[in-house]
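Everything on this sheet refers to the single structure shown next.
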Amino acid sequence: MNMNNSSHKIIIADSQYLVVEALKTLLGNDERFIISSVVNSKFELLKVLEHELCGLLITDFNLVDYEGIDDLRRVKRTFPDLVILILTNSISKVEFTELSKIGIKNIIYKTADREEILAAIDAALRGKKYFAEEILDMIIEQGDNRQEPEEPTHLTSSEIEIVRLIAGGLTTKEIANQKNISFHTVNTHRKNIFRKMEVSNASELIMQAIRAGWIDNIEYFI
């Protein structure tokens, strides 16, 4: 992983004993992380956040006594620099959408293995977004019901490469610098890609790219 040498303070807010103990074992043996607090209620969580400066909260909105996602919205509003990683047993499309709206873009299932949990934490701490593959499948299957392009592979190899760079979170300027081409050229490619893929924004483009099999890594800016 590519993180700073300093340790990251993490709060775990969950009421499932086995999950909490597993996280404590996993993160406690890694010098990059410090588990500053473990809580199992909203009251305890707010009390800790008022007195401790932490970078990451790992929680399950279905188990801690949140009054719906509105409570997490208030937490984000009160502590805007706090990054939240949702570790849950289940999530609906509506819940996913609501969490995304309040800026929570790191969500995995409790069935995740060690590598995926650490990858999700790494992404969250680096300001990237991370969704479990099953969640991406749900978004694709239950999404906006857009009709897929009839010939998704008609993009050129250069255009597919640019799609992957867009999915990686690079701006038009950054893509131009990386490929050593002009900003105008990249912008033209983007317009052509969006037209061919029949999409209007980067999120739709990435979903179509996943369908086409051009993207197999779930750590993208969606």
Which listed residue, of 56, 72, 26, 45, is under 14 Å from residue 117 (Cβ atoms), at pLDDT 85 or above and surrounded by 18 or more Cβ atoms within 10 Å (Cβ to Cβ): 56
For the stretch 169-192, which positions are buried (at least 17 other Cβ atoms within 10 Å of the Cβ) and modelled with pLDDT under 90? 170
Quick check on residue 13: is it of a type in the set (Gly, Ala, Ser) and crowded, with 18+ Cβ neighbours inside 10 Å? yes
For residue 102, are the conditions met, namely being buried (at least 17 other Cβ atoms within 10 Å of the Cβ), modelled with pLDDT of 85 or more and in the same structural domain as residue 28 (by TED's automatic domain parsing)? no
Please tell me if residue 51 is in contact with a helix residue (DSSP H, G or I) (Cβ under 7 Å, 6 or more places away or on another chain) and either buried (at least 16 other Cβ atoms within 10 Å of the Cβ) or not acidic (Asp, Glu) (or both). no
Check on residue 111, of a type in the set (Ser, Thr, Tyr), surrounded by 12 or more Cβ atoms within 10 Å (Cβ to Cβ), farther than 19 Å from residue 127 by Cα and within 17 Å of the chain's Cα centre (by Cα): no
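The values are calculated or read from the model by the stated rules, or taken from the named source; none is laboratory data. Computed from a predicted model, the values in this text were never measured in an experiment. Every residue, glycine as well, gets a Cβ built from its backbone with ideal geometry; the counts of neighbours run over all protein chains shown.
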